[in-house]
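A quick write-up on the structure given underneath.
The values are calculated or read from the model by the stated rules, or taken from the named source; none is laboratory data. All of these numbers come straight from a predicted model, not from anything done at the bench. Here Cβ is always computed from backbone atoms with ideal geometry, including for glycine, and neighbour counts include all displayed protein chains.
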Amino acid sequence: MSDEYWDGNEEEQEEMFDYNDEVSGPFIRVNGSNIDVEEGASFKDTVKATAMDAGLGKFRVFLNGEEVKPSEAPDVFDENTRVELRQYDVAG
C-alpha cells in the first residue's frame, strides 16, 4: 500500500455515499452494512481490519463522503466519523 492511496491507484471520485443520519456514533459501511466503531479507535487499524474481515484486498476509503488517502486519514474515529469502504476493481 502506498502512502498516496489505499489501493495504490488513483481513480475518478464517485458520487458521495448515502448513510442514515439517524445512526448515532461512528461506523464503517462495507458491503451494504454499517459496522459500529468505538469512538477513539485507531482509524487506520480499524479500517484495515474491517476491510480484511470483509474480504477486500484493494479498496477505497471515503470519510464523510470524501475519498481520503492514507496520509490524509485522521488518527482516530470521533463521534461523527462516517466511513465507507469500496472495493477497488482492477481493470484486466
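Of the residues making up the stretch 54-92, those that are among the small types (Gly, Ala, Ser), at pLDDT 90 or above and farther than 19 Å from Ser33 by Cβ number 2. If the condition is being exposed (fewer than 15 other Cβ atoms within 10 Å of the Cβ) and not in a loop (DSSP other than H, G, I, E, B), then the stretch 54-77 contributes Glu66, Ser71, Glu72. Going by the conditions given, is Asp78 among the charged types (D, E, K, R) and free of Cβ contacts under 8 Å to residues at least 40 places away in the same chain? So Asp78 fails the test. Residue count for the stretch 27-53, restricted to those that are in a loop (DSSP other than H, G, I, E, B) and at pLDDT below 95: 2. For beta carbons closer than 7 Å, sequence separation of 6+ or different chains, a first residue in the stretch 30-59 that is among the charged types (D, E, K, R) and a second that is part of a helix (DSSP H, G or I), the qualifying pairs are Lys44/Pro70. Residues in the stretch 78-92 that are in contact with a strand residue (DSSP E or B) (Cβ under 8 Å, 6 or more places away or on another chain) and of a type outside the set (Ser, Thr, Tyr) were compared, and the one that is surrounded by the fewest Cβ atoms within 10 Å (Cβ to Cβ) is Gln87.
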